[in-house]
Amino acid sequence: MMNREDIKRLLPHREPFLFVDEVTEIGEDRIEAYRDIRPDEFYFPGHFPGFPVLPGVLMVEAIAQAGILVVLAREESRDGRKTLFAAIERVRFRRPVRPGERLLLSARILGGRAGVYRIAGEARVGEELACEAVVTGALRE
């Protein structure tokens with residue numbers, strides 16, 4: 001289990017662009033984590049006035065951050081390494097996510113080499129699938 005401070009020791013992301021709050025399970029190639037969607041998030045006033053919805057691209061970002069945590073947890077040399085998107089595939093948005101909801105993020109590494117990793121993940125609210133995606137992330141110096 002990891003709290004937000006543990007997560008910050010691995011991920012280079014910081015507020016307001018850190019989208020993993022807690023890790024409940026982490027293994028050699030998979031992770032389960034949470035993101036609480038707070039009503040005061042910076043994007044809600046504009047997305048959308050009177051009907052705040054978590055932007056879909058931020059769900060994909062949360063999935064990618066969770067997945068790359070698995071990679072960084074097993075990397076011996078991670079100091080100063082940056083994480084970058086290389087590709088986003090097969091994204092499907094299944095339901096809107098609203099303030100006050102909790103996203104369960106799950107991801108697993110499909111494969112990787114030379115610092116490039118392919119990750120399949122999903123975001124759920126309760127039992128409902130909100131988003132699924134396959135992302136490719138790269139670790140760079």
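The values are calculated or read from the model by the stated rules, or taken from the named source; none is laboratory data. From a predicted model like this one, the values you see are computed outputs, not experimental measurements. Neighbour counts run over all protein chains shown; Cβ positions are idealised from the backbone, glycine included.
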Can you find even one residue in the stretch 38-60 that is of a type outside the set (D, E, K, R), closer than 25 Å to E5 by Cβ and in a strand (DSSP E or B)?
-> no
Pull up the stretch 119-136, narrow it to residues that are touching a Ser or Thr at 6+ places or on another chain (Cβ under 8 Å) and surrounded by fewer than 24 Cβ atoms within 10 Å (Cβ to Cβ), then point me to the one that is farthest from L84 (Cα to Cα).
-> R124
Scan the stretch 1-43 residue by residue and report those that are loosely packed, with under 13 Cβ neighbours inside 10 Å and of a type in the set (A, V, I, L, M, F, W, C).
-> M1, F17, F42
Give me the pairs, please: first residue somewhere in the stretch 39-54 and among the hydrophobic types (A, V, I, L, M, F, W, C), second residue anywhere and surrounded by fewer than 10 Cβ atoms within 10 Å (Cβ to Cβ), beta-carbon distance under 8 Å, and either six or more positions apart or on two chains.
-> F42/P16
Under the condition of being of a type in the set (D, E, K, R) and not in a loop (DSSP other than H, G, I, E, B), which residue from the stretch 87-103 is nearest to P55 (Cα to Cα)?
-> R92
Members of the stretch 74-113 found to be over 13 Å from E61 (Cα atoms), in contact with a strand residue (DSSP E or B) (Cβ under 7 Å, 6 or more places away or on another chain) and of a type in the set (G, A, S), listed by number = G111, G112
Mind listing just one residue for me: the one in the stretch 57-90 that is closer than 22 Å to R14 by Cβ and small (G, A, S) and, of those, modelled with the lowest pLDDT?
-> S77
